[in-house]
Amino acid sequence: INAEYMGRSFRSRPHNMADSIRLPPVDPAIATSLAEIQQTIARLALPPLLERRFVRVAPDVHVGERDVTLRVMQFNLLAEGLSAAPNCVPPFPATEASSYGGFTDVPRPEIVFDYNVRKWRLIEDILRTDPDILGVEECDHYPDFFEPVLRAAGYDSVYQPKHHSPCLSFGFYTDGVALFWKRDKFVSVSASGFSHGATPTPDGTSVRVPHVVAVLRSRDQRIERSVSFVVGATHLKAKIGLPNEELRAQQICAVEAALAAARATCLASNSDCTSHSSSSTVVTLLCADFNSFAYDHEGPAPYAALAVPYMATPPRSYRSLYSLPSSARDPIYSTWKVRGANEVRALIDYIWLRVDQRHEPHDQNCQASVHVECLELLSLPTADELEPARLPGLRHPSDHLPLAATLLLRPLE
């Protein structure tokens, strides 16, 4: 593993990391400016991406001069190692053959799944959304692509690879999770990658949950002393079934504990209102692929939803910025894919929000609290707007849609 990469991107090194993690080498020829990135995307000459627009969910809220807006985005990128062509030669010996990730109905798969094309489409989708904070999963080209390209576009980041990534079976690099934030908008107080919370899977193996947590402070003078941001990203265990759902519940418990610890540190460090770092509001955001429904699973082997309710109910009481569906018949979704005869449409990706206020009404040194509200959401394409094979396709580079929201932060007197 490149020493420079280790120093820049990892704040903690997982135990026995070399046993199960393979990372691509840094590419010195990658784009080094936003103009280069835009020129590379333009040269693809592909059909336009699916039309997405931001829809106001708080239409009566006026954005005033003292208000600050913040855009957060969640995106499962679809790893190259899980979607490569059958004739693609992987960098390592494989124990399983690649087959376009099982997306056999996707037209022009030689273009759709060509990673040299698809990785730039992913960047195109990110840049057009223009998030201030971005969480990604299934990122198997962080050091050689996403880190340097998004760094050139103005983002700092932290990354955590996944132990025993399924990409390794196909002979490809390890995937993982990452957080990116605009360096002109935020100061990083701390940023760490974790791979703890190991628990046994139904087949007896051990799975750790990859997650990253960063504590950020805004550079905006209107809120720089009023708010701390605790932001995270994670990717929970895949596949349906009660044993896997129980595992996901254990994993999210470990992830939320890391968020809670960072949040508690912020609140404790802010208890002295005379310090320059004092603030009265802590905003916690989690971008995640839960691989889990908000509702109980129906079918021959029904089971109760555990992971999503864990986040949404007291004492954690996080709010999903997209409405949680009540059943599989609800039209809201973040993934819509067809593999053979199996078609799945479901919301399994989430942006979670929690706001904690520290009230010190008799201390005049404390900064005012900040009201936080979701102002707008990125729309979801209708069935008619999608390609017949759903996701991915020529107009969208992943089997997941990115979710995005604009938050309003209003300082209170």
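The values are calculated or read from the model by the stated rules, or taken from the named source; none is laboratory data. All of these numbers come straight from a predicted model, not from anything done at the bench. Here the Cβ is made from the backbone with ideal geometry for all residues, glycine too, and neighbour counts use every protein chain on show. For the accessible areas, the whole protein counts, side chains as well, though only heavy atoms, and no ligand, DNA or RNA atoms are used. Shrake-Rupley method; radii C 1.70, N 1.55, O 1.52, S 1.80 Å.
Structure notes:
- Meets criteria (closer than 22 Å to F75 by Cα and open to solvent by 10 Å² or more (accessible area, probe 1.4 Å)) for R358: no
- Scanning the stretch 378-413 for residues that are in a strand (DSSP E or B) and either under 21 Å from I111 (Cβ atoms) or open to solvent by 40 Å² or more (accessible area, probe 1.4 Å) (or both) yields a total of 5.
- Check on E245, open to solvent by less than 30 Å² (accessible area, probe 1.4 Å), in contact with a Leu (Cβ under 7 Å, 6 or more places away or on another chain) and either in a helix (DSSP H, G or I) or aliphatic (A, V, I, L, M) (or both): yes
- Filtered residues of the stretch 367-406 (kept if under 16 Å from the mean Cα position of the chain (by Cα) and of a type outside the set (A, V, I, L, M)): P397, S398, D399, H400, P402, T406
- Note on the stretch 290-318: residues that are part of a loop (DSSP other than H, G, I, E, B) and either at positive phi or surrounded by 17 or more Cβ atoms within 10 Å (Cβ to Cβ) (or both) total 12.
- Lone qualifier among L386, L380, L391 - being within 30 Å of L259 (Cα to Cα) and at pLDDT 95 or above: L380
- If the condition is being touching a Cys at 6+ places or on another chain (Cβ under 9 Å), within 19 Å of V149 (Cβ to Cβ) and part of a strand (DSSP E or B), then the stretch 174-192 contributes G176, V177, A178, L179.
- If you go through the stretch 21-43 and keep only what is surrounded by 13 or more Cβ atoms within 10 Å (Cβ to Cβ), in a loop (DSSP other than H, G, I, E, B) and of a type in the set (S, T, Y), you end up with just T32.
- So A254, is it at pLDDT 90 or above, over 27 Å from the mean Cα position of the chain (by Cα), open to solvent by 10 Å² or more (accessible area, probe 1.4 Å) and not acidic (D, E): no
- The selection criterion, being modelled with pLDDT under 95 and of a type in the set (S, T, Y), holds for T32.
- Residue in the stretch 212-225 that is modelled with pLDDT under 95, touching a helix residue (DSSP H, G or I) at 6+ places or on another chain (Cβ under 7 Å) and open to solvent by 10 Å² or more (accessible area, probe 1.4 Å) present: no
- Qualifying residue in the stretch 110-123 (condition: of a type in the set (A, V, I, L, M) and either touching a Phe, Trp or Tyr at 6+ places or on another chain (Cβ under 6 Å) or without any contact (Cβ under 8 Å) to a residue 40 or more places away in the chain (or both)): no
- The combined condition, being modelled with pLDDT under 95 and surrounded by 17 or more Cβ atoms within 10 Å (Cβ to Cβ), is fulfilled by Y5.
- Options V68, V89, V72, V106: the member that is touching a Lys or Arg at 6+ places or on another chain (Cβ under 6 Å) and either under 18 Å from F145 (Cα atoms) or modelled with pLDDT of 95 or more (or both): V68
- I41 β-branched (V, I, T), over 21 Å from the mean Cα position of the chain (by Cα) and at pLDDT below 90: no
- Within the stretch 195-211, the set of residues being modelled with pLDDT of 80 or more and either open to solvent by less than 30 Å² (accessible area, probe 1.4 Å) or outside any loop (DSSP other than H, G, I, E, B) (or both) comprises S195, V209, P210, H211.
- Pair list, Cβ < 6 Å and 6+ apart or interchain, from the stretch 85-105 residues that are in contact (Cβ under 8 Å) with a residue 40 or more places away in the chain to residues that are of a type in the set (K, R): G102/R339
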